[in-house]
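Notes follow the structure.
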Amino acid sequence: MTTSPQPSTPLITELRQICGSANVLTHEDPATDLSPWEQDWRKRVKGRALAVVRPGNTSEVAAVVKACAAANTPIVPQGGNTGLVVGGVPNGSGTQIVLSMTRMNAVRAIDPANLTITVEAGCVLQNLQAAAEAAGFLFPLSLGAEGSCTIGGNLGTNAGGTQVVRYGNTRELCLGLEVVNAQGDIWHGLSGLRKDNTGYDLRNLMIGSEGTLGIITAATMKLYPQPAAQLTAWAAVPSMEAAVQLLGLAHQRLGPGLTGFEVMNQFALGLVDKHYPQLRVPLWQGTPWCVLLENSDSENEQHARSQFEALLEAALEQGYASDAVVAENLTQAKGLWHIRESITMAQAQEGLNIKHDISIPVSRIPAFVAETDALLAREVPGVRMVDFGHLGDGNLHYNVQAPEGADGQAFLREFEDKVNTWVFDQVKRFGGSISAEHGVGEQKVNKLPLYKDPTALAMMRAVKKALDPQNLLNPGRVLGK
Ligand code: FAD
Ligand code: 2HG
Ligand code: ZN
């Protein structure tokens, strides 16, 4: 006798009727492996889903939410599952539905005169960039996970990335949303308007809400003209103070042409060199920090190059840099960016680590790094700092790698919470935020009440209660239980 793969609960049967049997995956079929949806990208947490549901259009999303609301079954929205704070995977209870948006990946429309593109939430960021490029435009959101993250996830987390210094976070790139709310009703907000003062800004409320207030099904995003030329440079800098001074000079000399300004410490680059020697990291051995700069020019390459060279010459003269190279061509430029984007993978290859994505006013970053480095060196024997990130935005990935040869799990057990407290206390002292771009998810849920303004938190709770009184959408994330 064979056992039927069909699950028995009325909710699963209803979900199969809504989305089709092939798009409702459960553990009852032993041949189906749900781990890709249940495990987070860093492999720190593995949950258990009641089912993975993959709707194909907005009406199906709305029907799924109504069915789950009637059955009081929580929903965890998921895009590319590249999130770094455990926000898009189910908890271990086996009672939550993962709502995977990846089948909803169409580009619905491009409006060249309005400079907008409308896409479904499951559209992979790289495909969105490619669609914009094919139409002769730039969609500037850019991050290391762009080959698998989705625009719905980018909006859900208000992702940052490497172009924020010029174009802003995902929020600044969005003009309209289509959302299914916790009652299963559809909000048709794909206006594409640059001005609309008709009351509360629900779009901005949804963006960055990490799937706790509504399910984003589509978005209208801004397009930009493609730059006439884009050049990338790599500079060795003698200190964090010098990196901040170089940033100031780059703003002054390049104005809106400055589209990227990333900093990387020597240990981070050493990890890339160790695990990916073929990438040939330049200039890293004799300097504590390197900086990656991008100049996007609206005139031509010659103009961009002479502007960039003048900037770097001035930086060398003033001691803000000790050496620098400008990429000769697109291949070299891509190679330099690839090195920067490989730090996360190199860290993972090296072993377990503690991640932070903090922001501090740029002017205060040198003092923050000096003091916090000294504090951690005192408290954590053999600490290895992997310090890199979007200095142009005041956003550092102030990461801590387990000491050389240490048992990673034992290190995390002993130090993870303490290190988080030391670092976040410093962030607070320096007037910063404990999450600049990755969000709160489950990972920082216990820390948020300690570092967020209590009145702001109370207002956030009131909003959640008003919009999702059943606590159906991604419960336990951002605000906790
Ligand atoms: P998921 O991981 O699937 O989900 C993330 C959150 O959004 C969850 O809370 C989920 O519930 C919610 N969500 C997903 N889809 C929807 C939807 N349709 N409606 C409502 N809520 C939804 N992040 C940065 O900000 N900057 C970086 O530079 C950056 N670089 C990265 C590099 C690497 C190598 C990796 C692995 C990650 C990086 N990230 C970065 C983190 C991650 O890629 C981003 O948070 C991204 O926006 C997540 O998109 P996703 O589609 O994978 O979302
Ligand atoms: C980046 O900027 C990402 O590369 C990931 O935000 C940061 O790995 C990290 O800590
Ligand atoms: Zn980042």
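The values are calculated or read from the model by the stated rules, or taken from the named source; none is laboratory data. Since this is a predicted model, take the numbers as computed values, not measurements. When we count neighbours, we look across all protein chains shown, and the Cβ atoms used for this are built from the backbone with ideal geometry, even at glycine. Protein only, heavy atoms only, side chains kept; ligands, DNA and RNA dropped before computing areas. Shrake-Rupley method; radii C 1.70, N 1.55, O 1.52, S 1.80 Å.
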Response to the item:
Within segment 205-224, residues within 14 Å of ASN114 (Cβ to Cβ) and either part of a loop (DSSP other than H, G, I, E, B) or within 16 Å of ligand 2 (Cβ to nearest atom) (or both) come out as LEU223
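Output the residues belonging to segment 134-188 that are acidic (Asp, Glu) and either within 13 Å of ligand 1 (Cβ to nearest atom) or without any contact (Cβ under 8 Å) to a residue 60 or more places away in the chain (or both).
Listed by number, the residues that qualify are GLU146, GLU172, GLU178.
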Discussion item. If I filter segment 465-479 for residues that are among the aliphatic types (A, V, I, L, M), outside any loop (DSSP other than H, G, I, E, B) and either surrounded by fewer than 18 Cβ atoms within 10 Å (Cβ to Cβ) or free of Cβ contacts under 8 Å to residues at least 12 places away in the same chain (or both), do I get at least one hit?
Written reply: yes
Worksheet entry | Of residues in segment 431-449 being under 14 Å from MET460 (Cβ atoms) and outside any loop (DSSP other than H, G, I, E, B), the one farthest from ligand 2 (Cβ to nearest atom) | PRO449
Discussion item. Within segment 56-77, does at least one residue satisfy the condition of being over 19 Å from the mean Cα position of the chain (by Cα), surrounded by fewer than 16 Cβ atoms within 10 Å (Cβ to Cβ), modelled with pLDDT of 95 or more and within 21 Å of LYS444 (Cα to Cα)?
Written reply: no
Item to complete: Check whether at least one residue in segment 198-219 is surrounded by fewer than 24 Cβ atoms within 10 Å (Cβ to Cβ), out of contact with any strand residue (DSSP E or B) (no Cβ under 6 Å at 6 or more places or on another chain) and aromatic (Phe, Trp, Tyr), and report yes or no.
Response: yes
Worksheet entry | Qualifying position, being within 15 Å of ligand 3 (Cβ to nearest atom) and either in contact with a Lys or Arg (Cβ under 8 Å, 6 or more places away or on another chain) or among the β-branched types (Val, Ile, Thr) (or both), among PHE424, PHE388 | PHE388
Worksheet item: Do we find a residue being within 16 Å of ligand 1 (Cβ to nearest atom) and not aromatic (Phe, Trp, Tyr) anywhere in segment 372-386?
Response: yes
Discussion item. Among the residues in segment 361-377, are any at pLDDT below 95, open to solvent by 30 Å² or more (accessible area, probe 1.4 Å) and either out of contact with any Leu (no Cβ under 7 Å at 6 or more places or on another chain) or among the aromatic types (Phe, Trp, Tyr) (or both)?
Written reply: no
Worksheet item: Looking at (1) more than 23 Å from LEU396 (Cα to Cα); (2) within 16 Å of ligand 3 (Cβ to nearest atom), can you tell me which one GLY147 breaks?
Response: (1)
Worksheet entry | Which listed residue is in a loop (DSSP other than H, G, I, E, B) and at pLDDT 95 or above, from GLY160, GLY156 | GLY160
Worksheet item: Taking GLU404 and the conditions (1) surrounded by fewer than 18 Cβ atoms within 10 Å (Cβ to Cβ); (2) modelled with pLDDT of 95 or more; (3) more than 16 Å from ligand 2 (Cβ to nearest atom), which numbered condition does it fall short on, given that it satisfies the others?
Response: (2)
Item to complete: List every residue pair whose Cβ atoms lie under 9 Å apart, where the two residues are 6 or more positions apart in sequence or sit on different chains, the first residue falls within segment 318-346 and is within 25 Å of PRO238 (Cβ to Cβ) and basic (Lys, Arg), and the second residue, located anywhere, is at pLDDT below 95 and within 16 Å of ligand 2 (Cβ to nearest atom).
Response: none
Response to the item:
Those residues of segment 269-303 that are of a type in the set (Lys, Arg) and touching a residue at least 60 places away in the same chain (Cβ under 8 Å) come to a total of 1
Discussion item. GLY147 - would you say it is modelled with pLDDT of 95 or more and in contact with a Lys or Arg (Cβ under 7 Å, 6 or more places away or on another chain)?
Written reply: no
Worksheet item: Can you tell me which of ALA402, ALA436, ALA410 is more than 24 Å from VAL89 (Cβ to Cβ) and not acidic (Asp, Glu)?
Response: ALA410
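Here is a yes/no grid of residues against (1) under 30 Å from GLN226 (Cα atoms); (2) assigned to a helix (DSSP H, G or I):
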residue: ARG305; (1), (2): yes, yes
residue: LYS334; (1), (2): yes, yes
residue: THR344; (1), (2): yes, yes
residue: SER363; (1), (2): no, yes
residue: ARG378; (1), (2): no, yes
residue: GLY382; (1), (2): no, no
residue: VAL386; (1), (2): no, no
Item to complete: Name the single residue, out of those in segment 378-401 being in contact with a helix residue (DSSP H, G or I) (Cβ under 8 Å, 6 or more places away or on another chain) and over 30 Å from ASN295 (Cβ atoms), that is surrounded by the fewest Cβ atoms within 10 Å (Cβ to Cβ).
Response: GLU379
Worksheet item: In segment 260-284, what residues are in contact with a His (Cβ under 7 Å, 6 or more places away or on another chain) and open to solvent by less than 10 Å² (accessible area, probe 1.4 Å)?
Response: GLU262
Worksheet item: Does segment 285-303 hold any residues that are surrounded by 13 or more Cβ atoms within 10 Å (Cβ to Cβ) and at pLDDT 95 or above, and which are they?
Response: THR287, PRO288, TRP289, CYS290, VAL291, LEU292, LEU293, GLU294, ASN295, SER296
Worksheet item: Residues in segment 257-286 that are touching a helix residue (DSSP H, G or I) at 6+ places or on another chain (Cβ under 6 Å) and either assigned to a helix (DSSP H, G or I) or under 26 Å from VAL383 (Cβ atoms) (or both): how many?
Response: 9
